[in-house]
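**Student:** Got a structure for you, written out below as C-alpha cells; questions coming shortly.
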C-alpha cells in the first residue's frame, strides 16, 4: 500500500515538471514568433532602403534585375564584425544573432528601374545583369528596440557587403545608418 502511495506522489511530481516544461515551451514559442514578426517587418518595411545603391554594379548602362534570396541566413566570416559594430553603434552588450529564419514572401515587382524577383521565381533566370541580394546576420536587440542586418549584393565576381542599422520608433523600424564592410 505504501509503495502505491509513493508511486502516485512521484507521478504527481513528474507531472508538475512536465507541466512547467510545457508552459516554458509555449512562452518561448510565443517570444520567437514575436521576434520573427519583427524581423519580417524590418525587411519588408525597409526593402527600398536595403536595396539602395544598386547602380554601383551598373557599368553597362543596361537595366539591372534583382534576385532576392527568399530566406535570411548566416554569413559566418562576417559575424564577429557585424556583432561588434551593432553593439558599438547602439552602446549595447551581450547581444546575439537572431537564430530564427525569416521567409520573405512578398516583394514589389520593381524598385526604381530594376525589376525584382525572389530566387524561387524561375521566369527571370535567363536574364543577364542579375544582382543577387542576400540578407544575412540579422540581429534584433534583446529589448527589441534596435536591429541590424547585413546585406550582400553581388553581380558576377563583384560583391558589396553592407550593414544596415535600425531603431524602433512608434512600432516601426526607422533606418539609422549603414556601413560598408567590404567590397570585392
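**Student:** Any residue that is assigned to a strand (DSSP E or B) and under 13 Å from the mean Cα position of the chain (by Cα) - is there at least one of those in the stretch 103-123?
**Tutor:** The answer is yes; a qualifying residue exists.
**Student:** Is it true that some residue in the stretch 85-99 is under 13 Å from the mean Cα position of the chain (by Cα), modelled with pLDDT under 90 and under 22 Å from residue 37 (Cβ atoms)?
**Tutor:** yes
**Student:** Which condition breaks for residue 128 when tested against (1) over 19 Å from the mean Cα position of the chain (by Cα); (2) touching a residue at least 60 places away in the same chain (Cβ under 8 Å); (3) surrounded by 15 or more Cβ atoms within 10 Å (Cβ to Cβ)?
**Tutor:** With respect to (1) over 19 Å from the mean Cα position of the chain (by Cα); (2) touching a residue at least 60 places away in the same chain (Cβ under 8 Å); (3) surrounded by 15 or more Cβ atoms within 10 Å (Cβ to Cβ), residue 128 is out only on (3).
**Student:** Oh, and also: Regarding the stretch 49-64, can at least one residue be identified that is closer than 18 Å to residue 168 by Cα, surrounded by 17 or more Cβ atoms within 10 Å (Cβ to Cβ) and modelled with pLDDT of 90 or more?
**Tutor:** Yes; the residues of the stretch 49-64 include at least one that is closer than 18 Å to residue 168 by Cα, surrounded by 17 or more Cβ atoms within 10 Å (Cβ to Cβ) and modelled with pLDDT of 90 or more.
**Student:** What tally of residues in the stretch 57-105 results from selecting those that are more than 21 Å from residue 147 (Cα to Cα) and out of contact with any strand residue (DSSP E or B) (no Cβ under 8 Å at 6 or more places or on another chain)?
**Tutor:** Summing the residues that are more than 21 Å from residue 147 (Cα to Cα) and out of contact with any strand residue (DSSP E or B) (no Cβ under 8 Å at 6 or more places or on another chain) in the stretch 57-105 gives 5.
**Student:** Given the residues 133, 82, which is the only one that is touching a residue at least 40 places away in the same chain (Cβ under 8 Å), surrounded by 11 or more Cβ atoms within 10 Å (Cβ to Cβ) and either in contact with a helix residue (DSSP H, G or I) (Cβ under 6 Å, 6 or more places away or on another chain) or within 15 Å of residue 44 (Cβ to Cβ) (or both)?
**Tutor:** The conditions single out 133.
**Student:** Out of the residues in the stretch 136-145 meeting the condition of being assigned to a loop (DSSP other than H, G, I, E, B) and touching a residue at least 12 places away in the same chain (Cβ under 8 Å), tell me which one is surrounded by the most Cβ atoms within 10 Å (Cβ to Cβ).
**Tutor:** If we take residues in the stretch 136-145 being assigned to a loop (DSSP other than H, G, I, E, B) and touching a residue at least 12 places away in the same chain (Cβ under 8 Å), then 141 is surrounded by the most Cβ atoms within 10 Å (Cβ to Cβ).
The values are calculated or read from the model by the stated rules, or taken from the named source; none is laboratory data. From a predicted model like this one, the values you see are computed outputs, not experimental measurements. Neighbour counts run over all protein chains shown; Cβ positions are idealised from the backbone, glycine included.
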